[in-house]
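Notes to accompany the following structure.
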Amino acid sequence: MRGMTKPGQIVNVMKEERCFPPPAEFAAKARVGSLAEYEALWNEANHDLEGFWGKAAHELHWFKPYTKVLEWNEPFAQWFVDGQTNVSYNCLDAHLSSPRRNKPALIWVGEPGDVRIYTYQMLHREVCKFANVLKGQGIEKGDVVALYMPMVPELAIAMLACARIGAIHSVVFGGFAAEAIAERNRNAGAKLMITADGGWRRGRQIALKANVDAALAKSPTVQKCIVCRRTGSQVAMQPGRDLWWDELMEQAPADCPAVPLDSETPLFILYTSGSTGKPKGILHTTAGYNLFAKKTMEWVFDIRDEDAYWCTADIGWITGHTYVVYGPLTAGATSFMYEGAPDWPHRGRWWEMVEKHRITILYTAPTAIRACIQWGDQWVDKYDLSSLRLLGSVGEGINPEAWMWYHRKIGRERCPIVDTWWQTETGGIMMTPLPGAIATKPGSCTKPLPGIVPQVVGKDHQPVSAGAGGWLTIARPWPGMLRGIWGDDARYKLQYWSQVPHKYLCGDNARCDEDGYYWIMGRIDDVLNVAGHRLSTIEIESALVSHPAVAEAAAVGRPHEVKGESVAVFVTLSSGFEPTEALRQELKGHVRKEIGALAVPDDIHFTVALPKTRSGKIMRRLLRDIAAGRETAGDTSTLEDHSVLARLRAEEE
Ligand code: WTA
């Protein structure tokens with residue numbers, strides 16, 4: 001791994017003394033209603049991990065019971081060995097024999113204002129039909145289906161249809177460009193692709209199909225493409241390859257029993273950024289993931305039948321997978337889903353929907369909260385937010401000031417806030433203040449969920465003392481853990497299991513205070529967190545270097561008020577190219593084309609040389625200081641050529 005800080009070097013600069021106990025009224029009704037109850041649960045799980053999860057697993061439907069809870073051949077886990085279940089069954093069929101069958105499973109709002117409501121029965125029917133469509137196109141158990149769609153109900157329907165027949169979905173976030181889609185398709189060996197004629201974003205149509213067309217030209221394994229009508233815009237349909245969703249659905253029978261699947265049947269691949277330029281396909285499987293999604297949904301959100309629960313994440317990210325689709329549906333909840341941007345047609349759009357749909361639980365990201373702060377309180381004050389009872393945050397640490405605003409303005413000082421720490425790899429929430437049990441300290445994700453055993457370790461790989469920083473590891477397996485990197489066991493072992501023996505290395509620095517509260521202190525590798533999205537610096541650098549004008553590039557994160565971090569790049573030019581504004585714009589366009597809008601650098605610094613160590617490693621630490629306009633605080637003794645630093649500073653002036 002490049003650019004790692006050593007665990008002993010991490011200095012904690014944050015001191016947060018505020019502490020908010022769970023509101024008594026909330027605690028009185030909560031599933032886990034006191035610290036003592038939480039501790040009893042956690043101790044029970046820690047004492048008998050397999051017994052604990054084995055008991056919980058009775059809540060899923062089993063076509064065939066499992067004979068063993070956990071088979072652990074480090075680093076490969078098998079949960080609920082010999083058992084057979086089906087995620088789509090647990091999300092849908094399981095509720096059809098109860099009054100929930102007529103309860104909304106999904107309430108969806110399109111950006112233009114159209115609303116669609118699917119009860120559990122209605123969603124079940126659509127999923128069965130679409131599963132038959134997939135079968136009709138030759139999709140079988142084990143085939144990979146790639147999804148590149150806007151936030152429309154059909155995306156959830158397609159995922160559940162895959163799960164129903166044992167196909168593996170690979171959702172690619174709609175902000176990625178053709179190159180990125182094609183790379184993922186090739187890596188996954190996708191056989192079929194599903195997309196839409198477009199999606200709505202700030203009143204404009206996103207041309208998804210055009211991106212897919214360009215991607216499919218470079219995705220040799222994809223044979224068919226199903227296109228869902230959303231915007232009604234004209235798209236090119238390639239005969240023999242492209243098919244309309246609605247036309248296929250008209251013909252499809254509504255009967256499609258869920259296939260009994262072995263517990264470890266792959267459910268989905270989701271690509272995320274790591275410390276190399278190549279995205280890694282994180283693999284999640286059936287039973288363990290499903291159970292973890294359900295239990296975390298119940299513990300963390302204390303979800304109730306009467307809740308209107310809204311997770312604002314795009315389904316293209318893990319948060320959308322687990323907490324828009326699988327968690328809420330397995331728990332029998334009503335999941336609210338919104339297609340568009342929070343500031344369209346006005347900056348109060350979210351709060352207007354909270355008022356109108358009487359949202360009770362809101363789960364969002366710090367970057368969205370910071371944007372709302374910037375837009376001004378008037379957009380919030382206009383609406384009645386009294387339906388809210390619980391707030392959540394995910395994706396990055398929530399700065400104490402944003403936390404306080406969320407608490408005061410959105411929660412009106414009544415709602416607990418669950419700051420949830422987890423990763424694509426962990427499948428579900430790992431640490432968070434259970435809202436009826438654990439007092440919150442703004443900026444801390446507090447304590448681990450039952451069955452989760454975090455440890456902060458030092459240079460010697462031993463647990464460090466309270467208050468000291470180190471690498472965050474997870475000491476025991478959990479049902480939602482990734483089962484590997486798609487097609488790359490060696491990378492899986494190297495990345496997560498080789499540096500600290502016998503523990504999962506998650507890639508974050510953290511410290512644990514005297515009260516057993518965890519504070520996440522940022523990544524240990526070259527992964528940026530831009531508006532809650534994981535980006536690898538190397539991916540951005542590779543994209544830049546693929547442009548003829550660029551000789552060498554270094555990407556770093558720079559603090560940003562709203563996005564948390566923004567991308568700044570330092571670029572040296574090939575001979576014959578001049579550092580002009582036009583070139584700067586061209587390079588931005590190039591990154592947009594290669595990766596997608598989410599990776600476009602805010603700043604491009606042209607320079608004649610990059611600071612390097614004697615062994616030739618780019619010293620990103622120094623570039624980070626320059627990008628942030630800070631003095632260089634750290635050690636520069638390993639710098640090969642000191643004049644480079646002075647030159648870089650001069651170039652900034
Ligand atoms: C960061 C998103 C601090 C962290 C679910 C992690 C957080 C990475 C928090 C995973 C939080 C996520 N506090 N940092 N509450 N939540 N992170 O895979 O660095 O997109 O490793 O999963 O985001 O990002 P990913």
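The values are calculated or read from the model by the stated rules, or taken from the named source; none is laboratory data. It should be emphasised that the depicted structure is a prediction, and the values quoted were computed from it without experimental measurement. Every residue, glycine among them, receives a Cβ derived from its backbone with ideal geometry; neighbour counts consider all protein chains shown.
Annotations for the structure displayed:
- Residue that is surrounded by the most Cβ atoms within 10 Å (Cβ to Cβ) [pool: residues in the range 276-306 that are over 17 Å from the mean Cα position of the chain (by Cα) and among the hydroxyl-bearing types (Ser, Thr, Tyr)]: Thr286
- You will find that of Val567, Val500, Val530, the residue that is closer than 23 Å to Glu183 by Cα and free of Cβ contacts under 8 Å to residues at least 60 places away in the same chain is Val567 and no other.
- Criterion violated by Lys459 - all others in (1) touching a residue at least 60 places away in the same chain (Cβ under 8 Å); (2) within 16 Å of the ligand (Cβ to nearest atom) satisfied: (2)
- Residue pairs whose Cβ atoms lie under 8 Å apart, sitting 6 or more positions apart in sequence or on different chains, and linking a residue in the range 421-437 that is within 13 Å of Gly397 (Cα to Cα) and hydroxyl-bearing (Ser, Thr, Tyr) to a partner that is near the ligand (Cβ under 7 Å from one of its atoms) and part of a loop (DSSP other than H, G, I, E, B), are Thr432/Cys445.
- Residue list for the range 83-129, restricted to those being farther than 22 Å from Met149 by Cβ and of a type in the set (D, E, K, R): Asp93, Arg100, Arg101, Lys103
- Scanning the range 28-50 for residues that are more than 27 Å from Arg389 (Cβ to Cβ) and in contact (Cβ under 8 Å) with a residue 12 or more places away in the chain returns Glu44, Asn46, Leu49, Glu50.
- Residue in the range 372-387 that is within 16 Å of the ligand (Cβ to nearest atom) and among the small types (Gly, Ala, Ser) present: no
- Looking only at the range 227-246, and only at residues there that are among the aliphatic types (A, V, I, L, M) and not in a loop (DSSP other than H, G, I, E, B), the one that is nearest to the chain's Cα centre (by Cα): Val227
- Of the residues making up the range 459-491, just one is hydroxyl-bearing (Ser, Thr, Tyr) and in contact with a Lys or Arg (Cβ under 9 Å, 6 or more places away or on another chain), namely Thr473.
- Counting only residues that are surrounded by fewer than 17 Cβ atoms within 10 Å (Cβ to Cβ) and part of a strand (DSSP E or B), the range 109-120 holds 3 of them.
- A residue that is within 9 Å of the ligand (Cβ to nearest atom) and either more than 30 Å from Ile485 (Cα to Cα) or not aliphatic (A, V, I, L, M) (or both) cannot be found anywhere in the range 406-418.
- Comparison of Arg630, Arg592, Arg621, Arg584 shows that the only residue that is surrounded by fewer than 19 Cβ atoms within 10 Å (Cβ to Cβ), part of a helix (DSSP H, G or I), at pLDDT below 90 and out of contact with any Lys or Arg (no Cβ under 7 Å at 6 or more places or on another chain) is Arg621.
- Considering the range 55-97, the residues that are of a type outside the set (D, E, K, R) and without any contact (Cβ under 8 Å) to a residue 24 or more places away in the chain include one that is nearest to Pro260 (Cα to Cα), namely Trp62.
- Residue in the range 300-321 that is in contact with a Ser or Thr (Cβ under 6 Å, 6 or more places away or on another chain), within 14 Å of the ligand (Cβ to nearest atom) and of a type in the set (Ser, Thr, Tyr) present: yes
- Hits in the range 200-233 - residues which are farther than 26 Å from Asn187 by Cα and in contact (Cβ under 8 Å) with a residue 24 or more places away in the chain: Trp200, Arg201, Arg202, Gly203, Gln205, Arg229, Arg230, Thr231, Gly232, Ser233
- Scanning the range 431-447 for residues that are modelled with pLDDT of 95 or more, within 22 Å of the chain's Cα centre (by Cα) and not hydroxyl-bearing (Ser, Thr, Tyr) turns up Met431, Pro433, Leu434, Pro435, Cys445, Lys447.
- So Pro450, is it in contact with a helix residue (DSSP H, G or I) (Cβ under 6 Å, 6 or more places away or on another chain) and either surrounded by fewer than 22 Cβ atoms within 10 Å (Cβ to Cβ) or within 19 Å of Glu74 (Cα to Cα) (or both): no
- Near pairs, Cβ below 7 angstrom, 6+ apart or cross-chain, from the range 388-401 (free of Cβ contacts under 8 Å to residues at least 60 places away in the same chain) to any residue that is near the ligand (Cβ under 6 Å from one of its atoms): Ser393/Asp419; Ser393/Thr420; Ile398/Asp419
- Selection status of Ile373, buried (at least 22 other Cβ atoms within 10 Å of the Cβ) and either of a type in the set (A, V, I, L, M) or over 15 Å from Trp310 (Cβ atoms) (or both): no
- Which listed residue is of a type in the set (Gly, Ala, Ser) and over 20 Å from Tyr363 (Cβ atoms), from Gly458, Gly428: Gly458
- A single member of Leu106, Leu92, Leu123 is assigned to a strand (DSSP E or B) and either touching a strand residue (DSSP E or B) at 6+ places or on another chain (Cβ under 8 Å) or crowded, with 23+ Cβ neighbours inside 10 Å (or both), and it is Leu106.
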